[in-house]
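Engineer: Sharing a structure below in structure tokens format, with a few things to ask.
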Amino acid sequence: MIGEAKGKCQRFFILFAAALQIFIALRVSHLQAQNEPGGEQQAGEEIVAVYLGAAPLSQNSNLNRYVSLVGTRVASKSERSALTWTFGVLASDSVNAFSAPGGYILVTEGLLGMLDTEDELAAVLAHEVAHVVRQHHWKIIQKQQQASALVAKMQGNMKNSNALFSDMNS
């Protein structure tokens, strides 16, 4: 039983991680420029949409409200307390928690089932809040945007070089 649950969790995580990487790779060029206001928020919204495509929000409104209450209290003590924080519970037996740029935090029902106290929940949420505060995911997206721009520039240079060589050979 435990091995089966562990296998399901691992498959979910692997599938989700692959989907997120594909999503980011496809969407990098469509995200707002890194210095534009709202770019971080937009990226977070798009990433959360991928999470919600993998597992819907829990139908347990009391559980969602409770996680939001604890998470909001934790986030209010952070360096980015003015951010509009959004917390939710994914209807998944997998044991995991996710954060996305712009103040989005999701935990799974499976993770919540393993916690014994509100302090444990607060610790998990504080860890995810720290990712947002330190902009870990946002910085990765920005680097991917820069890399994408560099590749596009290199491709443009290659086209120009090919045209030059074609002209020389004519």
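Engineer: What are the ³J(HN,Hα) values, in whole Hz, obtained from phi via the Karplus relation 6.51 cos²θ - 1.76 cosθ + 1.60 with θ = phi - 60°, for each residue of the stretch 53-61 in sequence order, with x given for Gly and Pro?
Structural biologist: Those phi angles translate into x, 7, 7, x, 5, 4, 7, 7, 5 Hz.
Engineer: Could you sort the peptides 104-111, 122-129 by per-residue average Cβ neighbour count (10 Å cutoff), highest mean leading?
Structural biologist: 104-111, 122-129
Engineer: Heavy atoms only, 1.4 Å probe, whole protein assembly: order Glu46, Glu120 by accessible area, highest first.
Structural biologist: From most exposed to least exposed: Glu120, Glu46.
Engineer: On to the next question. Return the long-range amide H neighbours of Leu57 (sequence gap of 5 or more, or a different chain), with a cut-off of under 5 Å between placed amide H atoms.
Structural biologist: The answer is Ala91.
The values are calculated or read from the model by the stated rules, or taken from the named source; none is laboratory data. Source: prediction; values computed, not measured. Using ideal geometry, Cβ is built from the backbone for each residue, glycine included, and neighbour counts are taken over all protein chains shown. For the accessible areas, the whole protein counts, side chains as well, though only heavy atoms, and no ligand, DNA or RNA atoms are used. Shrake-Rupley method; radii C 1.70, N 1.55, O 1.52, S 1.80 Å.
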